[in-house]
Amino acid sequence: MIPPLFLLTDRRLMPDLVARAEHALARLPEGSAAIVLREKDLPVRALLSLARQLRETTRGRARLIVSGRLDVALASGADGVHCGGEAPSAAATRTHAGGLLVGTSLHGDETAEQQADYAFLSPIFATRSKPGVTPLGLEKLHAAAAVSRVPLVALGGIGPDEARKCFEAGASAVACRESWLVGGDDVLAAWAESVRYSSSARSSRIVFSSAAGNS
């Protein structure tokens, strides 16, 4: 079972990621989030040091997932590894990952590898991190979630309000980067409410409305 909220790091937006993770997790329901360490340009030793610090911050409170580096995930005691970008496939990673969560990334109509425990699907909404890329929208998220054998994590342009629409469209979880790193306590409170809403949205028979979804 994956948590409903994935928090992606970006030290360009928030240099002190450990302090920010501590602050954010104190304002979210326990066990509701995963911190995804996604610092591709960090040298491996610096990445491992940061991963170990985040492991101490998240221990017993949130999952820790390392993006792109299985070796760092294993050495830091993380809970998972994400195989997006140029990282090895989920199938190749699974053979060496032990009991770690293994994630992958989708950007359209491709199907997630069955060896993955979850898959990011992006971008759902327009996002400044991918200028010029046409967002998939909630209809495609809904269609993908209806047939996917792997839990889908909606990513791209998602804040607390958009998160609710994604849960209603069938996402198992949502991911964000900017809003949790630079938003105030009011934003974190809104994320806490969206996380609580996710349980009812996923368990109830909410009828997805494309008219409401693509605003």
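Here, each number is a calculation from the coordinates, and none is a lab measurement. Just so we're clear, the structure is a prediction, and the values are computed from it rather than from any experiment. Because the Cβ atoms are built from the backbone with ideal geometry, glycine has one as well, and the counts that use them run over all protein chains shown.
With contacts taken as Cα pairs under 8 Å at a separation of at least 6 residues, the chain carries a relative contact order of 19 percent.
Compute the helix-to-body angle for 185-203: its Cα long axis versus the longest principal axis of the chain, expressed 0 to 90° and rounded to tens. With rounding to tens, the tilt is 60 degrees. Axis angle, to the nearest 10 degrees, between helix 137-147 and the longest C-alpha principal axis of the chain: 80 degrees. Taking the fewest neighbouring Cβ atoms within 10 Å as the starting point, the ordered list for Thr111, Thr95 is Thr95, Thr111. With a Förster radius of 25 Å applied to the beta-carbon distance between Glu110 and Lys40, the computed FRET efficiency rounds to 0.70.
Normalised by residue count, the range 95-137 yields a Cα convex hull volume of 90 Å³ per residue. Here His96, His23 are placed in order of increasing Cβ neighbour count within 10 Å, fewest first, which gives His96, His23. The translational diffusion coefficient of the chain, from Stokes-Einstein at 10 °C and 1.306 mPa s with a Kirkwood hydrodynamic radius over alpha carbon pairs, comes to 92 µm²/s.
Cross-link partners of Lys140 among lysines, defined as those whose alpha carbon lies under 27 angstrom from its own and excluding same-chain residues fewer than eight positions apart: Lys130, Lys165. With N the number of residues in the range 50-107, Rg(Cα) / (2.2 N^0.38 Å) evaluates to 1.07. Taking 0.36 nm per residue of separation and subtracting the Cα-Cα distance, full extension of the segment from Ala189 to Lys140 would add 14.8 nm. Computed from the C-beta positions of Arg52 and Ser200, the FRET efficiency with R₀ = 35 Å rounds to 0.45.
Debye-formula intensities of the range 13-104, expressed as log10 I(q)/I(0) at q = 0.12, 0.21, 0.24, 0.25 Å⁻¹, are -0.34, -1.00, -1.24, -1.31 (one equal scatterer per alpha-carbon, no solvent). Each residue in Ile65, Ile2 was given a count of other beta-carbon atoms within 10 angstrom of its own, and listing them fewest first yields Ile2, Ile65.
With K and R counted +1 and D and E -1, the other residues having a Cβ less than 10 Å from that of His23 yield a net charge of -1. Counted residue by residue at 0.36 nm each, then reduced by the alpha carbon distance between them, the extension gain from Arg59 to Ala19 reaches 13.0 nm. Partners of Lys40 within straight-line reach, counting aspartates and glutamates whose Cα lies under 20 Å from its Cα and excluding those fewer than 8 residues away in the same chain: Asp10, Asp16, Asp71, Asp79, Glu86, Glu178.
In terms of overall dimensions, the range 88-195 has a Cα radius of gyration and Dmax of 14.4, 42 angstrom.
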